[in-house]
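Here the structure is laid out as C-alpha cells; the discussion comes afterwards.
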C-alpha cells in the first residue's frame, strides 16, 4: 500500500502520517518544497521512523502537476494507492491572494497530479467553511447550497477547492469536512493559534484581574462545532480505508453531533484556567431584535469602530473571529456516523480535555511567553523622568531604572542632592541627568518641561513621585486652608502642569509614552486625618482616569500606584508610625518599576483593594471602623502645633495593641 500526502509537515497532516505509520503498511510519500527537506527530516525523527517508510517528493503546490517531471510521475504511478491532500492555508485572517493561491490553485495542481498518477482514491480534506454561513442544517450531500461565501475569502477558497476535487478529479474521491480543529484531546498539543484560541488571552486577563468566584455577564452565542485533532485523523484514517465503493464520491462531516454554544466553550476554558466564568449569558438571538440597519449604523460610528478595534487589538482577536460567536450553521453527519459505526471512534467531550488544551496553550503558545518581561526590556535606552528623585521612593526608582539601562532625568528642588544621586548612578555604570525644579511653582515646572524637551527631545516614562503629606484632622484644619492649598499645589497642580507640557511630545512619538502617578492607599481606604493629602492624590487620579480614554490612539498609558505606608523621611515626624507595618523604599520602587513593565491601569496592595471594595459595598460600616481607628490614634504633636512635645506623640493603649497586631499583616 502506498500513500502520497500533501501538508505532511503541518499539524493535521503530521498527525495523519503518524497514524498511517502506526496502523498501515507501505511507503508514505510526502510532498516537500525544494529546500524544506530539513523540516521533514525533523518530523521523521519525531515519528520514530526512517526514510525507508517516509520518502520526500520535491515539488511545489504552486506548479502544475506539483512541478514534478514526467519521469518522477511515471515512477510514482502504480506505487501510490491513496493521495491525501491536506496542504492548505487554514488561517481566516490570511490575505485573499494567499488563500486563493494555496487553497484553490494548489488543489487544482494536486488534482492534475492525481489524474496523472491514477491512485485508487483521492482524499480531499476540506472544511465546514465550504458551507459558508448557511442558515440552518447543512447536510453532507449539500454543496451548491452554500451561502455567505463572500463573508470571508477563506470560506470562498475552501468551497472552490472542494469544487475542483469534485469536478476535475478522474479517480474516485472522498471529501472530509472537519469542524474547527483544536489540539489533541490526550496531550493538548497544537502548533498554532486559531479559532477559539483567540479568546484565550481574554480568559487569561479576566483570571488575572478577578477572583474565580466573580460572576461575569456575556453572550451565550450559537453552537460552535469544535473537534480535537486526534478525532479528525482517527476518523480520516478509518474512513479512507473502508473498501466499499459505496463510500466513493461521498462527503463526511467530521464534527461533533452535540456541539456546545460559544458561551459554554468560553466558560469551559475559563474553568480550565481557574478564572471567573460568565454566569449570566445573554442569548445572542436577542440581538436579532435590533434592526439590521440600526446595528450597521451603530457599528460604523467612528467611536464604536475605534473602541472595538482597540479592544480586539489589545487582546489579539481578529475581527473576523467574532463570527464564531454567532455561527448560523449546523452540520448533519449521517455518512460519518455510519462509516464510523463499530470503530469506537467518537468525539470526546470538551469538558473532559479542555484543561489539557488550556495548559498546552499557556505553556507553549501564549504570545506573552515570547515577550521580554524584564524592566530592561521595557526601558533600556529610554528617557525616564522621576520627580522627587533626591531621596526615598524617587531615588530608589531612579537607581532601578538606571540599572535597567534607562537615561534617568532626576528632578527635585535641591541640585546638590540630585548630583549625589547622579554620581551613585554613574558609579554603577548608569546614565542620569540633573534637572532641579520647584514643582510647586508652576512657572518653574513649565521651565523644567521646556528644558527637558530641548535637551532630550523625547519622554518615554514620567514618574510623578514628588509629593507632600499632611496628617491633621479636619477639626484642626478649620483655619488652615493653606494646608489644602499647598498639598494641591505640589501633588496635583505641579503634576498636572508637567503632564500637560510633556503629553504632546509623548503623543507625537511613535512609541507613545507612559505616565505613572504615585498615589496613596488612602485614596482607596479614605484614611482619617489625611483629607488634604488624599484629596490631592484623588484629584490626580480623577484627572488621569478621564484623559486615559482620550489618549489611547496616541499610545499613551496611565498608571496609578497606590502606595501603602512607606518608611521614608516623609512619615518620620509622626513617631506613632514606628509601630505600624510599612514597606521599604526599595519595595515601593519595585511597585513603580513593575508598572513600567506591564503598564497596568493601577498597582495596589491587597489591603488597598479590599478597602476600595469594602467602601463600595458597605460605606457606613467602613466609616464606623475607620472612626474606631481615628479614636485609637490621636493627633500628633506636630499636627497640634505643639513644638515642645514634637516627636512625643503616642497612640492609646488600644491603638498600640492594634498596631502590634498589624505588624503581622502581609501587605
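Exposure proxy check: 321, 171 ranked by fewest other beta carbons within 10 Å? Kindly include the intermediate steps, with their values, before the conclusion.
Details: 321 18, 171 15.
Least to most surrounded, the residues fall as 171, 321.
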Against the longest principal axis of the chain, how steep is helix 392-403, in degrees 0 to 90 to the nearest 10, with axes from Cα atoms? 40 degrees
Residue order, fewest to most beta carbons within 10 Å, for 248, 372: 372, 248
Mean separation of Cα contacts under 8 Å, 6 or more apart, over the residue count of the stretch 334-476: relative contact order %: 22 percent
Counting only helical runs of four or more DSSP H residues, what would the 222 nm mean residue ellipticity of the chain come to if each run contributes -39,500 (n - 2.57) and the total is spread over all its residues? -12500 deg cm²/dmol
Using only alpha carbons, build the gyration tensor for the stretch 375-605 and give me the equivalent ellipsoid semi-axes, biggest first, whole Å. 27, 20, 17
Acute angle (nearest 10 degrees) that the helix 531-548 long axis makes with the longest principal axis of the chain, alpha-carbon atoms: 30 degrees
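Sequence gap at least 6, Cα distance under 8 Å: using those rules, report the relative contact order of the stretch 1-178 to the nearest whole percent.
After rounding, I find 22 percent.
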A correct fewest-to-most ranking of 109, 85, 241 by other Cβ atoms within 10 Å would be 241, 109, 85
At a 10 angstrom cut-off on C-beta neighbours, averaged per residue, how do the peptides 33-44, 188-199, 455-466 rank from highest to lowest? 455-466, 188-199, 33-44
Whole-angstrom Cα spans of the chain along principal axes, big to small: 107, 52, 50
How far, in degrees from 0 to 90, does helix 442-456 lean away from the longest principal axis of the Cα atoms of the chain, to the nearest 10? 40 degrees
Linear extension gain, residue 443 paired with residue 101, 0.36 nm per residue minus alpha-carbon span: 116.8 nm
Any chance you could tell me what percent of the C-alpha pair distances in the stretch 1-178 go past 28 Å? 22 percent
Sticking to Cα atoms, compute the Rg of the stretch 340-397 to one decimal and its Dmax as the biggest Cα-Cα distance, whole number, in Å. 24.3, 78
Sequence-separation-based contact order of the chain, relative, with Cα cut under 8 Å and 6+ spacing, percent: 9 percent
Computed on Cα atoms only, the convex hull of the stretch 89-182 has an orientation-averaged projected area in nm² of 6.2 nm²
Mean Cβ count within 10 Å, highest first, over the residues of peptides 527-539, 203-215: 527-539, 203-215
Cα-based radius of gyration of the stretch 113-160 once divided by 2.2 N^0.38 Å, which approximates compact folds: 1.38
Packing-based ranking, highest mean first, of 387-399, 48-60 given that Cβ atoms within 10 Å are counted: 387-399, 48-60
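Only the coordinates and a few stated rules stand behind these numbers; no lab work does. Predicted model, so just to flag it, every value in this text is computed and none were measured. Heads up, the Cβs are rebuilt from the backbone with ideal geometry, glycines too, and the neighbour counts pull from every protein chain shown.
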